[in-house]
1. Out of segment B:200-226, which residues are closer than 19 Å to B:SER253 by Cβ and among the hydroxyl-bearing types (Ser, Thr, Tyr)?
2. Go through segment B:165-208 and give me each residue that's under 19 Å from the mean Cα position of the chain (by Cα) and among the charged types (D, E, K, R).
3. Evaluate the following for B:LEU64: is it modelled with pLDDT of 85 or more, exposed (fewer than 13 other Cβ atoms within 10 Å of the Cβ) and under 29 Å from B:PRO105 (Cα atoms)?
4. Go over the candidates B:SER71, B:SER86 one by one and state the one that is farther than 30 Å from B:VAL231 by Cβ and either open to solvent by less than 70 Å² (accessible area, probe 1.4 Å) or of a type outside the set (Ser, Thr, Tyr) (or both).
5. Within segment B:275-296, track down each residue that is closer than 24 Å to B:MET79 by Cα, within 10 Å of chain A (Cβ to nearest Cβ) and buried (at least 17 other Cβ atoms within 10 Å of the Cβ).
6. Given the conditions (1) open to solvent by 60 Å² or more (accessible area, probe 1.4 Å); (2) over 26 Å from B:TYR227 (Cα atoms); (3) modelled with pLDDT under 90, which single one is not true for B:ILE26?
7. So B:ASN272 clears everything in (1) surrounded by 14 or more Cβ atoms within 10 Å (Cβ to Cβ); (2) in a strand (DSSP E or B) except one condition, right? Which one?
8. State all residues of segment A:17-68 that are closer than 30 Å to B:GLU294 by Cα and not in a helix (DSSP H, G or I); if no residue qualifies, say none.
Amino acid sequence: MASQSRKGGKNRSGQEGVLARVTNTISQSSIVQQGKLVASDAAFVTKKLLKSTGKAAWIAGTTFLILVVPLIIEMDREQQMNELEMQQASLLGTPPVAPQK
Amino acid sequence: MASHIGVVPPPMTPAKGNEPKTAEKIDYLNLPCPIPYEEIHREALMSLKPELFEGMRFDFTKGLNQKFSLSHSVFMGPMEVPSQASETIKIPTAHYEFGANFLDPKLMLFGRILTDGRLNARVKCDLTDNLILKANSQLTSEPHMSHGMVNFDYKGKDFRIQFQLGNGALFGASYIQSVTPHLSLGSEVFWAGQHRKSGIGLAARYNTDKMVATGQVASTGMVALSYVQKVSEKVSLASDFMYNYMSRDVTASFGYDYVLRQCRLRGKIDSNGCTAAFLEERLNMGLNFILSAEIDHWKKDYKFGFGLTVGE
């Protein structure tokens with residue numbers, strides 16, 4: 001019994017031995033090792049790229065908010081006022097004033 | 001159809017500015033008076049260095065007379081205290097400032113006093129048509145921190161001379177001369193007795209209707225160049241380059257200045273990673289709303305302020 005189990009065990013270990021040996025060879029082959037290195041490098045670079053893109057996007061976004069958004073708002077208001085004036089001028093019948101450059 | 005026959009638009013007389021400039025002979029005896037030496041960077045400073053602040057500001061100016069006016073001003077916000085460590089320390093402060101101005105064509109008096117004991121006074125007096133006396137002093141309750149300065153300006157036909165005397169044995173003199181209708185050159189000399197320093201500086205300014213370019217070199221190691229272009233009546237763009245050859249410090253900045261009917265918006269970006277914007281909006285007659293923003297990306301220092309200015 002014990003010998004049978006041992007034999008079975010040996011057989012199983014023998015079979016497992018074959019499986020284990022195959023997977024070991026595969027996992028220790030140079031291609032797979034290189035593939036792992038490349039994947040970890042790629043992950044590292046992607047993480048850095050995402051972080052620096054995030055930083056750049058933040059800097060660009062806040063700078064745009066401070067420099068450009070008030071300008072757009074004010075130019076829009078100026079244009080609205082100009083349109084209103086032209087409308088009023090045409091309503092009241094006064095000759096349209098040439099827009100100041 | 002008949003009305004169109006014989007109607008020929010009159011030939012346009014060329015406007016004076018369109019005459020070819022090369023045909024005009026420059027009258028070297030009739031050059032315009034130049035800008036005073038200390039205001040040589042005036043346009044660039046106006047566009048690129050607005051009075052940015054952090055906190056809340058309220059100014060009220062009341063005119064009692066045609067010549068005399070009083071002003072009240074409240075400021076609340078963090079003030080930066082220079083410290084040894086690289087981190088600047090901000091301490092919240094609040095102060096009230098009372099001031100009086102007297103304006104006459106010949107005499108201008110200006111005084112301000114703050115609740116923390118500082119007194120600011122300025123006098124500008126036209127002694128004769130060409131000679132102007134200016135005095136400026138700042139008194140504080142801390143010892144050895146008060147200073148005062150007196151200037152004598154003489155305005156000639158196409159030149160200006162200025163003498164400066166300050167406390168702490170500070171002497172300065174400057175001379176600026178118009179060389180052509182567009183170009184003026186100047187130089188200055190100063191001597192500081194307290195710090196045993198003396199220096200000499202040269203400046204040049206070229207301006208036309210559309211642009212102003214200035215350059216200044218000083219023996220303290222500073223080289224400053226600036227260029228302002230007036231793109232249209234409402235918009236002007238300015239750029240500025242400063243280089244200190246003693247401390248190898250370089251700063252370049254670029255900014256815009258929009259003067260619209262209801263507001264004035266100035267924005268600038270710097271090579272030190274600093275961007276700033278300053279908006280003055282006219283809400284009503286005599287009522288101005290001010291917003292100031294400054295972001296320093298390198299030092300991660302963000303300053304925002306708002307305020308209201310009442311009175312002319």
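The values are calculated or read from the model by the stated rules, or taken from the named source; none is laboratory data. Everything numeric in this text was worked out from a predicted model, so none of it was measured. Backbone-built Cβ (ideal geometry, glycine too); neighbour counts: all protein chains shown. With ligands, DNA and RNA removed, areas are computed over all heavy atoms of the protein, side chains included. Shrake-Rupley method; radii C 1.70, N 1.55, O 1.52, S 1.80 Å.
1. Listed by number, the residues that qualify are B:THR214, B:SER226.
2. B:GLU188, B:ARG205
3. The answer is yes for B:LEU64.
4. B:SER71
5. Within segment B:275-296, the subset closer than 24 Å to B:MET79 by Cα is B:275-280, B:288-296.
Then keep just the ones that are within 10 Å of chain A (Cβ to nearest Cβ); that gives B:275-279, B:291, B:293-295.
Result: B:THR275, B:ALA276, B:ALA277, B:PHE278, B:LEU279, B:ALA293, B:GLU294, B:ILE295.
6. (2)
7. Status for B:ASN272: all satisfied but (2).
8. The one that is closer than 30 Å to B:GLU294 by Cα and not in a helix (DSSP H, G or I): A:VAL68.
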